[in-house]
Amino acid sequence: MSSGNRSEAVDVQKSYEVRTYGCQMNVHDSERLSGLLEDAGYVRAPEGSDGDADVVVFNTCAVRENADNKLYGNLGRLAPMKTRRPGMQIAVGGCLAQKDRDTIVARAPWVDVVFGTHNIGKLPVLLERARVQEEAQVEIAESLEAFPSTLPTRRESAYAAWVSISVGCNNTCTFCIVPALRGKEKDRRTGDILAEIEALVAEGVSEITLLGQNVNAYGSDIGDREAFSKLLRACGTIDGLERVRFTSPHPRDFTDDVIAAMAETPNVMPQLHMPMQSGSDRVLKAMRRSYRQERFLGIIEKVRTAMPDAALSTDIIVGFPGETEEDFEQTMHAVREARFANAFTFQYSKRPGTPAADMDDQIPKEVVQERYMRLSALQEAISWEENKKQVGRTLDVMVAEGEGRKDGATHRLSGRAPDNRLVHFTKPDQDVRPGDVVTVAVTYAAPHHLLAEGAPLGVRRTRSGDAWEKRNAAAPEPAGVMLGIPGVGVPAPLPEAAVPGCGLG
């Protein structure tokens, strides 16, 4: 965690808990919030505290229709705890706070602070102001005050890290409210991005994931359409940086120079998560997606030609207003053609405040459910077939933390292959740490993971493993509470309902 001058706001060390909902951007923002609070003198509450902290922060998501119900339900459960604990404070930030700024305190008057997506850096000041003035503080900035990467950060992983390259989005997809809440796209200076990556590598990080609401539109601020491919190539020159990933790109901005940079830069991983959303040209037009099925599948073909072993994943919405059976069959056709390693499929639900919520021809729930089940069954079969092709391959797996829920019982470890597939493997005789790299031979494939039975072929202890060991020896602290569908890439498993890239790309 980077640090500035320690604030005098907290006289006695108090505990905090951050609860995160939503996409990778929110997860990374929560690292900033944790860093800000620790910089102000707070300490993280023990695992399982379940609201038993001096400060509880909700970092919210507005993507799902019932997001507000979840928030107010959780706030309601904390109300009696706050009554019993004088001095306890509750803060609500993120996309839902940006959207519902005027109603949160009205519906939950025991909330102390409401802040938006553009001013997360104000959290410690707002908490102190609420304490002194003994009244709720609501402060929502309409535009970005400072790029979040300038803020202190408490990284959740010692070996892998998120790196924001832009915030906001210039697209107007009719199903998505996030651009209205995150604002127009604002790019970070390339030099600042590379400086952050170099600093992370110096601390032991060996894998980074470049983040943006529309990550490959990077450069639109300065009018350089090749800025993103140049950034990928620049990452390839950083000594000690072993793995580079990015999420989520938009097909509109996926140019040939990006594919070339991926294929020609050794530490850029052979993995691509690119949201398709629908395979129907008519539905894509209604969604205001600026590509059509032929364009999307053409990108897939170019990526596979340049990187035959690349694993591709996507997001798909089923049951968008007006979707006919013929439209849905076009999505099924595109899935068969693309052969994704996995797909995050969603049943369309209204996002209040989006154009799609007011469209005619809302599809009956039972029809959406039936189509969703058909698509899920097709993708499950394809995922399994694609994973079976990995049997017999030798893979370098970066050991992960918390990815294998049954590892203790099976005496296995888990990690990610270069293409981001999850691999469970036999625990080596020698000690290995998260961040170390283990070479294994794949012996079995399931739809959502690979298994490497038998002794590993090799173990490489890394600087990342050293960093993990040092961090845990110095301060063995639990990970924060994150709520929210698994996303792509490491660091650390995402919240269980995190939507990759807010489903924006």
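The values are calculated or read from the model by the stated rules, or taken from the named source; none is laboratory data. Bear in mind the structure is a predicted one, so any value in this text is a computation, not a measurement. Because the Cβ atoms are built from the backbone with ideal geometry, glycine has one as well, and the counts that use them run over all protein chains shown. Side chains included, ligands, DNA and RNA excluded: accessible areas come from the protein's heavy atoms. Shrake-Rupley method; radii C 1.70, N 1.55, O 1.52, S 1.80 Å.
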Separation of the D407 and M373 label points, Cα + 7 Å toward Cβ, nm: 3.6 nm
field: Probe 1.4 Å, protein heavy atoms only - accessible area per residue of the range 335-423 in square angstrom
entry: 51 Å²
task: Keeping all protein chains in place, calculate the accessible area per residue for the range 230-286 (probe 1.4 angstrom), answer in Å².
output: 32 Å²
Förster-model FRET efficiency, 51 Å R0, T103 and D309, C-beta, rounded to 0.05: 0.55
- request: Normalise the Debye intensity by I(0) for the range 238-382, one equal point scatterer per Cα, no solvent, then take log10 at q = 0.10, 0.13 Å⁻¹ and round to two decimals.
  value: -0.37, -0.60
message: Starting from 0.36 nm per residue, how many nanometres of slack lie between D221 and K184 once their C-alpha separation is accounted for?
response: 12.3 nm
task: Can you tell me how much longer the chain between K389 and Y72 gets when fully stretched, taken as 0.36 nm per residue apart minus their C-alpha distance, in nm with one decimal?
output: 109.5 nm
query: Roughly how many percent of the accessible protein surface of the range 63-131 is carbon and sulfur, given a 1.4 Å probe and a whole-percent answer?
result: 50 percent
field: Cβ charges +1 (Lys, Arg) and -1 (Asp, Glu), total dipole of the range 277-421, debye
entry: 420 debye
field: Percent breakdown of C-alpha pair distances by 5 Å bin, ordered from the shortest bin, for the range 86-220
entry: 2, 10, 16, 18, 16, 15, 12, 8, 4, 0
message: 5 Å is the cut-off here: which amide hydrogens, built 1.01 Å from N in the peptide plane, fall below it relative to Q347, excluding neighbours closer than 5 in sequence?
response: V318
field: Length gained when the stretch E326-E142 is fully extended (0.36 nm per residue, less Cα-Cα span)
entry: 62.1 nm
Within straight-line cross-link reach of K70, aspartates and glutamates at Cα separation under 18 Å, skipping those fewer than 8 residues along the same chain: E17, D50, D100, D102, E496
- prompt: Given H placed on each backbone N at 1.01 Å, which residues far from W162 in sequence or on other chains put an amide H within less than 5 Å of it?
  reply: T209
- prompt: Which option, [x] 62, 61, 47; [y] 83, 61, 51; [z] 99, 60, 38, is the value of Cα extents along the principal axes in Å that was calculated from these coordinates?
  reply: [x]
statement: Projecting the Cα atoms of I140, V432, Y16 onto the charge dipole of the chain, where Lys and Arg contribute +1 and Asp and Glu -1 at Cβ, the residue farthest towards the positive end is V432
query: What is the sum of charges around S30, taking Lys and Arg as +1, Asp and Glu as -1, for the other residues whose C-beta is under 12 Å from the C-beta of S30?
result: +1
- line: Under the rule rounded for a/c under 1.5, else prolate if a/b exceeds b/c, else oblate, using alpha carbon gyration tensor axes a ≥ b ≥ c, the range 62-112 is classed as prolate
task: Compute the Cα gyration tensor for the range 189-274, then decide on rounded, prolate or oblate, letting a ≥ b ≥ c be the square roots of its eigenvalues: rounded whenever a/c is under 1.5, prolate when a/b is larger than b/c in the other cases, and oblate in all that remain.
output: prolate
query: Applying the Karplus parametrisation 6.51 cos²θ - 1.76 cosθ + 1.60 with θ = phi - 60° to the phi angles of the range 116-131, what ³J(HN,Hα) value in whole Hz is obtained for each residue in order, glycine and proline being reported as x?
result: x, 6, 9, 9, 4, x, 7, 3, x, 5, 5, 4, 5, 5, 5, 5
- prompt: Using unit Cβ charges (K, R positive; D, E negative) and no other charged atoms, how large, in debye to the nearest 20, is the dipole of the chain about its Cα centre?
  reply: 280 debye
query: For the range 235-298, what's the relative contact order in percent, using C-alpha pairs closer than 8 Å and at least 6 residues apart?
result: 34 percent
- prompt: Sorted by mean Cβ packing within 10 Å, highest first, what order do the peptides 20-28, 195-203 take?
  reply: 20-28, 195-203
- prompt: Arranged from highest to lowest average of other beta-carbon atoms within 10 Å per residue, in what order do the peptides 91-99, 427-435 appear?
  reply: 91-99, 427-435
